[in-house]
Amino acid sequence: MRNPERVRGQLVELAKRRGFFFPTAESYGGAAGFYTFGPEGAALKRSVEEAWRQRFTVKEGNVEIDAPTVMPEPVFEASGHLDTFDDMLVECAECGASHRADHLVEGHAEIEEAEGLSPEAIADLIADNEIACPSCGTALAGQPVEDFNLMFETTIGPGSGSPGYLRPETAQGIFVDFPRLAEYARGQLPFGVTQVGRAYRNEISPRRCVLRVRELTQAELELFVDPEGEGPDLAGVADVELPLLSAAAQRDGESEPHTMTVGEAVDEGVIANEWIAYYLGVATEWYESVGIDPERFRLRQHLPGERAHYAADCWDAESLVDDDWIELAGFAYRGNYDLSKHHDHADESYTVFRQYDEPRSVERATVDPDMSYLGPEFGADAAGVADALKDLAGRDPSAFDGDTVTVTAEDNEYTVPADRVNFRVETVTENGEHIVPHVIEPSFGVDRLVYTLLDHAYREDEIEGEGRTYLALDPTVAPTLVAVFPLTDDEQPRANEIVDDLRTAELSVDYDDSGNIGRRYRRQDEVGTPYCVTVDSRTAEDDTVTLRDRDSTQQVRVPIADLPRLLTALRAGDRSFADLTSEFPVVGSGEDDGSADRAPTPTAEDPGEE
Ligand code: GAP
């Protein structure tokens with residue numbers, strides 16, 4: 001029986017000891033919420049990012065950009081992050097510890113989602129539930145609960161410079177440069193832009209290693225669509241089964257997901273937006289392909305109070321880690337919120353031209369103000385009054401029905417006689433219109449995914465009476481695909497040649513000649529290396545080696561010349577190790593290697609000559 005608390009301790013210890021991740025700058029006391037991915041973790045993270053890129057950028061026909069992580073203040077004024085990217089903070093009067101107030105309430109009161117409540121309501125709940133400081137036990141009742149902005153501020157340029165912020169999401173780097181990206185896409189919707197990179201959030205309570213950090217990696221896709229345009233082709237994902245926990249089901253007190261296909265979820269209106277349904281299907285398959293356990297995976301719709309300021313609808317991909325559901329990714333329908341905000345604040349247009357199927361005749365109100373009247377009458381403000389009249393004609397032609405018309409320019413009101421504005425309504429032919437595209441956003445957290453993959457891959461078993469810990473990582477993402485061992489010093493040159501050949505075939509390879517062979521296998525098992533090759537005395541005679549499978553510990557005897565081809569196929573999932581056991585002689589696990597007159601070939605669990 002898996003004990004989540006114990007596995008968590010083992011996993012964190014393993015991650016640190018074997019170079020997956022560890023707190024940054026520990027020798028200087030560290031800084032909460034900052035982690036370094038060591039050699040194994042960085043390799044795993046890179047593989048995950050590459051797998052994401054292949055699926056969400058390359059296969060979808062999207063493009064990837066690489067924007068700066070620092071942007072000037074006006075970007076975040078426009079995006080709404082300066083005003084609303086807050087979490088609720090409560091500080092302990094006794095020990096000074098800071099806590100995320102909504103999380104404290106969720107942990108103590110019968111409330112699952114406190115994020116949507118006001119700071120005052122949270123303060124009341126803290127008092128009513130007699131919630132104490134988790135650090136020192138002092139009652140927090142009466143302590144103010146305040147909004148705390150999560151962005152890291154910096155200064156751009158020397159001296160006082162100008163204010164800038166580290167981006168809190170990679171998405172803004174895409175939105176802010178939409179005019180150029182739309183030009184690159186020749187203004188054709190839909191088009192998608194991805195970015196994999198760092199984002200920064202000054203989290204109030206970073207916790208659980210890389211699950212909540214202050215510097216994180218996101219992999220985000222912003223898909224720009226015409227809300228009246230065609231939806232996605234659902235054929236490729238229609239049969240993908242989604243474990244859905246809708247907002248309605250949650251309101252009814254349900255906690256178990258209902259499994260239905262993408263096609264059913266769209267037909268029954270459980271997922272309102274077809275693009276969101278499409279990407280939930282793609283992501284569900286993708287998560288399984290990199291090693292997320294489907295039994296510990298669900299798609300949960302946000303409750304209205306939970307949704308971010310920009311989202312019209314949002315589903316989270318969640319995974320069970322140590323008995324807690326962790327948000328791995330969000331799939332938000334952001335409407336035209338982001339581009340409209342930038343359109344209103346920036347100097348450029350964030351629209352694209354929507355071509356009509358047929359030209360349309362439309363009535364358009366225009367004015368041609370008499371400047372020989374406006375000039376002497378309004379002086380320096382005359383041009384502004386003329387612009388205001390043109391704008392009003394477009395917005396509200398009925399304003400020109402009377403004898404005079406009043407407009408506001410430069411914060412002053414001006415009244416103009418109707419016969420001086422030359423108002424008329426013309427019938428014109430239009431070929432299209434400018435629209436602000438809507439955004440569909442699948443947004444993935446990479447750090448959390450790496451941790452979850454390790455958690456879901458963590459295994460303990462016994463080999464010939466000895467305990468073993470191993471990570472059953474999928475070969476597509478494992479930091480190392482194959483480790484090569486010479487059994488004795490004599491085999492080292494040949495083993496090194498094999499390493500070179502496998503690296504030339506672009507496979508990730510480790511070489512290890514230290515310690516007995518059983519210990520070498522254990523080391524690779526612990527970092528999740530799926531395959532090990534052992535070069536032994538027989539290799540010099542027939543150019544074969546043993547190839548050992550991490551999970552089953554079975555071994556087959558294969559020609560060296562076949563290794564690159566076989567390992568490439570195993571990594572791609574085109575073949576399984578079970579396939580190889582019917583094609584090549586099985587050795588080890590008590591089986592004969594087919595050479596009765598030779599000494600038995602050393603096997604994974606039988607160090608042989610050693
Ligand atoms: N652009 C949308 C956006 O940023 P989000 O839900 O705030 O949405 C997306 O973040 C993903 O980033 C989350 O699902 C999560 O996996 C990851 N994430 C967010 N904050 C994180 C943190 N402090 N530490 C680790 N991962 C985080």
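The values are calculated or read from the model by the stated rules, or taken from the named source; none is laboratory data. Nothing here was measured: the structure is a model prediction, and the numbers come from that model. Reconstructed Cβ throughout: ideal geometry from the backbone, glycine too, with neighbour counts over all protein chains shown. We work out accessible area using only protein heavy atoms, side chains counted, and drop any ligands, DNA or RNA first. Shrake-Rupley method; radii C 1.70, N 1.55, O 1.52, S 1.80 Å.
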Matching residues in the stretch 417-446 - criterion: being under 22 Å from Asp381 (Cα atoms) and either open to solvent by 80 Å² or more (accessible area, probe 1.4 Å) or in contact with a helix residue (DSSP H, G or I) (Cβ under 7 Å, 6 or more places away or on another chain) (or both): Ala418, Asp419, Arg420, Val421, Phe423
Kindly provide the set of residues from the stretch 173-210 that are out of contact with any Lys or Arg (no Cβ under 8 Å at 6 or more places or on another chain) and modelled with pLDDT under 95, ordered by number. Arg207, Arg208, Cys209
For the stretch 246-259, state whether one or more residues are closer than 23 Å to Glu50 by Cβ and touching a strand residue (DSSP E or B) at 6+ places or on another chain (Cβ under 9 Å). no
Condition first: within 17 Å of the chain's Cα centre (by Cα) and part of a helix (DSSP H, G or I). Can you find one or more residues in the stretch 290-304 that meet it? yes
List the helices (runs of 4 or more DSSP H) inside the stretch 78-136, counting only whole elements, that have at least 1 residues being touching a residue at least 24 places away in the same chain (Cβ under 8 Å) and within 30 Å of Asp177 (Cα to Cα). 81-84
Of (1) open to solvent by 40 Å² or more (accessible area, probe 1.4 Å); (2) touching a residue at least 60 places away in the same chain (Cβ under 8 Å), Glu295 satisfies every one except (2)
Taking the condition of being surrounded by 13 or more Cβ atoms within 10 Å (Cβ to Cβ) and more than 28 Å from the chain's Cα centre (by Cα), how many residues in the stretch 142-155 meet it? 3
State which residue is most open to solvent (accessible area, probe 1.4 Å) when the search covers only the stretch 448-492 and only residues that are in a strand (DSSP E or B) and hydrophobic (A, V, I, L, M, F, W, C). Ile463
Within the stretch 363-382, residues in contact with a Lys or Arg (Cβ under 8 Å, 6 or more places away or on another chain) and either in a helix (DSSP H, G or I) or crowded, with 17+ Cβ neighbours inside 10 Å (or both) come out as Ala365, Val367, Pro369, Tyr373, Leu374
Looking only at residues in the stretch 252-269 that are of a type outside the set (D, E, K, R) and over 21 Å from Arg296 (Cα atoms), which one is surrounded by the fewest Cβ atoms within 10 Å (Cβ to Cβ)? Gly269
When residues of the stretch 324-362 are limited to those that are of a type in the set (S, T, N, Q) and surrounded by 18 or more Cβ atoms within 10 Å (Cβ to Cβ), the one nearest to the ligand (Cβ to nearest atom): Asn336
Selection within the stretch 288-318 - in contact with an Asp or Glu (Cβ under 9 Å, 6 or more places away or on another chain), more than 10 Å from the ligand (Cβ to nearest atom), farther than 30 Å from Gly573 by Cα and among the aliphatic types (A, V, I, L, M): Leu303
Applying the selection to the stretch 408-425, what residues are assigned to a helix (DSSP H, G or I) and of a type in the set (A, V, I, L, M, F, W, C)? Ala418
Here are some residues: Ala561, Ala569. Which one is surrounded by fewer than 12 Cβ atoms within 10 Å (Cβ to Cβ) and within 16 Å of Leu502 (Cβ to Cβ)? Ala561
Val321 meets each of (1) crowded, with 22+ Cβ neighbours inside 10 Å; (2) within 13 Å of the ligand (Cβ to nearest atom); (3) closer than 30 Å to Gly187 by Cα; (4) in contact (Cβ under 8 Å) with a residue 60 or more places away in the chain with one exception, condition (3)
Can you find a residue that is more than 10 Å from the ligand (Cβ to nearest atom), outside any loop (DSSP other than H, G, I, E, B) and either modelled with pLDDT under 95 or open to solvent by 30 Å² or more (accessible area, probe 1.4 Å) (or both) anywhere in the stretch 218-238? no
Of all residues in the stretch 188-214 being surrounded by fewer than 18 Cβ atoms within 10 Å (Cβ to Cβ) and part of a strand (DSSP E or B), the one that is nearest to the ligand (Cβ to nearest atom): Arg207
In the stretch 162-181, anything open to solvent by less than 10 Å² (accessible area, probe 1.4 Å) and either more than 12 Å from the ligand (Cβ to nearest atom) or touching a Gly at 6+ places or on another chain (Cβ under 9 Å) (or both) is listed as Gly164, Arg167, Thr170, Gly173, Phe178
Look at the stretch 35-77 and say how many of its residues are over 14 Å from Asp177 (Cα atoms), open to solvent by less than 60 Å² (accessible area, probe 1.4 Å) and part of a loop (DSSP other than H, G, I, E, B). 3
With criteria (1) more than 13 Å from the ligand (Cβ to nearest atom); (2) of a type in the set (Gly, Ala, Ser); (3) farther than 27 Å from Gly96 by Cβ, Gly137 comes up short on (3)
Residue that is free of Cβ contacts under 8 Å to residues at least 60 places away in the same chain and in a strand (DSSP E or B), where the choices are Val385, Val405, Val428, Val439: Val405
Identify, please: which residue in the stretch 427-461 is closer than 24 Å to Val527 by Cα and hydroxyl-bearing (Ser, Thr, Tyr) and is, among those, farthest from the ligand (Cβ to nearest atom)? Tyr458
All but one of (1) under 38 Å from the mean Cα position of the chain (by Cα); (2) surrounded by 24 or more Cβ atoms within 10 Å (Cβ to Cβ) hold for Val535; state the number of the condition that does not hold. (1)
Quick one: how many residues across the stretch 119-136 are open to solvent by 50 Å² or more (accessible area, probe 1.4 Å) and farther than 15 Å from Glu91 by Cβ? 5
